[in-house]
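Here's the structure we're looking at; comments come further down.
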Amino acid sequence: METPILQVSNINKSFGRVRALRDVSFAVTRGTIIGLVGPNGAGKSTTMKVITGVTAPDVGEVQVAGETVTMQQRHTLVRVGALIENPGLYSYMTGWDNLKLYADVAGTSDDKINEIVTQLDLAEFINKKVKTYSWGMKQRVGVALAMVNDPDLLLLDEPLNGMDPVSVAEVKAVLREWRDAGKTILISSHTVRDLEGLVDDYIFIDRGENISRDEILTAADGKVDPDLEEMFADVIARRKQQGVGDVD
Ligand SMILES: Nc1ncnc2c1ncn2[C@@H]1O[C@H](COP(=O)(O)OP(=O)(O)OP(=O)(O)O)[C@@H](O)[C@H]1O
């Protein structure tokens with residue numbers, strides 16, 4: 001069997017008394033777009049940070065293309081691009097200069113930057129200072145920044161938040177093109193609906209725990225034409241009522 005591009009195994013991470021991740025495990029196959037879906041505070045950003053090695057897990061292991069990611073093994077991340085939480089852009093520089101800064105480190109040509117700028121339709125504002133950008137513009141340049149090293153694995157933490165519908169459609173189209181070219185994308189969102197027409201499969205997370213598709217399907221409870229979004233919401237509500245994961 002082909003080695004998954006990403007293997008997350010039994011990750012546990014606490015911040016003081018908050019157990020942000022509990023035994024989170026999943027694998028992502030090359031050439032797919034996978035949605036990481038969960039409500040506020042579910043652990044999506046923490047999962048992304050653990051994958052990139054920005055946050056060290058208390059227990060567990062991350063492998064990228066079969067190699068374990070550790071602080072000493074950061075070269076495994078050369079083929080990874082990430083947008084996690086706020087795009088890390090220098091506000092006093094133009095969008096182009098921000099891209100160029102990362103491109104130079106990665107050895108990416110200006111032609112390649114221009115290709116990404118065109119694909120994501122950034123030309124109108126890319127030569128203006130980032131401090132003049134709206135949130136949605138920053139998000140779009142943030143996606144470009146994550147792509148600039150031409151990564152095999154792209155991690156996007158709620159990239160569609162704050163984007164207008166036209167931009168959402170454009171970014172989704174670019175991500176589909178990337179997937180069709182053999183790249184792999186893990187993209188997080190609060191909702192299934194935001195990722196519709198984009199992802200090949202979902203990983204569900206709530207209160208730091210993986211929720212299996214089987215658990216969600218049991219929430220269908222005989223409903224005709226059950227809706228994944230509604231079913232996941234039912235599971236989340238039930239777990240909240242039961243106090244799953246509450247600190248005692
Ligand atoms: N540095 C930190 N210090 C303390 N608690 C943290 C820290 N980072 C995350 N947490 C807690 O860990 C849990 C998971 O947070 P995380 O940001 O991963 O969730 P999320 O699913 O990305 O949420 P959102 O959709 O609201 O961005 C939350 O309870 C959060 O308060």
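The values are calculated or read from the model by the stated rules, or taken from the named source; none is laboratory data. Bear in mind the structure is a predicted one, so any value in this text is a computation, not a measurement. Because the Cβ atoms are built from the backbone with ideal geometry, glycine has one as well, and the counts that use them run over all protein chains shown. Heavy atoms of the whole protein, side chains included, go into the accessibility calculation; ligands, DNA and RNA do not. Shrake-Rupley method; radii C 1.70, N 1.55, O 1.52, S 1.80 Å.
Annotations
- Test set (1) of a type in the set (V, I, T); (2) open to solvent by 40 Å² or more (accessible area, probe 1.4 Å); (3) in a loop (DSSP other than H, G, I, E, B) - V78 fails condition number: (3)
- Flag for E67 being open to solvent by 20 Å² or more (accessible area, probe 1.4 Å), touching a Ser or Thr at 6+ places or on another chain (Cβ under 8 Å), without any contact (Cβ under 8 Å) to a residue 24 or more places away in the chain and within 17 Å of L153 (Cβ to Cβ): yes
- Some residue of the range 160-168 being over 17 Å from the mean Cα position of the chain (by Cα) and in contact (Cβ under 8 Å) with a residue 60 or more places away in the chain: no
- Restricting attention to the range 228-248 and to residues that are under 23 Å from the mean Cα position of the chain (by Cα) and open to solvent by 40 Å² or more (accessible area, probe 1.4 Å), the residue that is modelled with the lowest pLDDT turns out to be E230.
- Of the strands (runs of 3 or more DSSP E) lying entirely inside the range 15-69, those containing at least 1 residues that are in contact with an Asp or Glu (Cβ under 6 Å, 6 or more places away or on another chain) span 18-28, 33-37.
- Per the conditions (1) closer than 22 Å to L156 by Cβ; (2) free of Cβ contacts under 8 Å to residues at least 12 places away in the same chain; (3) among the hydrophobic types (A, V, I, L, M, F, W, C), the sole criterion not satisfied by M1 is (1).
- Of the strands (runs of 3 or more DSSP E) lying entirely inside the range 172-211, not one is found with 3 or more residues being of a type in the set (G, A, S).
- Test: residue in the range 6-16 that is surrounded by fewer than 17 Cβ atoms within 10 Å (Cβ to Cβ), more than 12 Å from the ligand (Cβ to nearest atom) and at pLDDT below 95: no
- Every condition in (1) away from the ligand (no atom under 16 Å from the Cβ); (2) modelled with pLDDT under 95; (3) closer than 22 Å to L6 by Cβ holds for L101 except the one numbered (3).
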